[in-house]
Amino acid sequence: MNTVHAMAFSGPGGGWGHMEANGWSGWMWVLGPIMMVAWLAVITAVVWLVLQATANSRPQTRTTPVEGAGIERARGILAERLARGEIDAEDYQERLAKLT
């Protein structure tokens, strides 16, 4: 009896036939891409959160220069500006005096 029922409901008609789905197939053209974009956003957010968590857990290295190295760099920049003609010798001496 079950076989007869299965054969009766599997034929063409008002059921869930091949490529029919009672009008729902049209909605899948809209809902399918929306769901794909939503899942892509969720996956991107999870990856971003994991990367942020691992970046915050890394030990911080000291990136500030030693004070003497900063002054030497400033003197070098002043010398370059003097060589390019951006400042004159008087400005160079005045700014160099402020550094020391």
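For region 33-42, putting each phi into the Karplus relation 6.51 cos²θ - 1.76 cosθ + 1.60 with θ = phi - 60° gives couplings of x, 5, 5, 5, 5, 5, 5, 4, 5, 5 Hz, in residue order, rounded to whole numbers and with x for Gly and Pro. Amide H contacts of residue 87 (H built 1.01 Å from N, in plane; Pro and chain starts excluded): 82 sit under 5 Å, all sequence-distant by 5 or more or on other chains.
No lab work stands behind these numbers, since they all come straight from the coordinates. What you see is a predicted model; the values in this text were computed from it and never measured.
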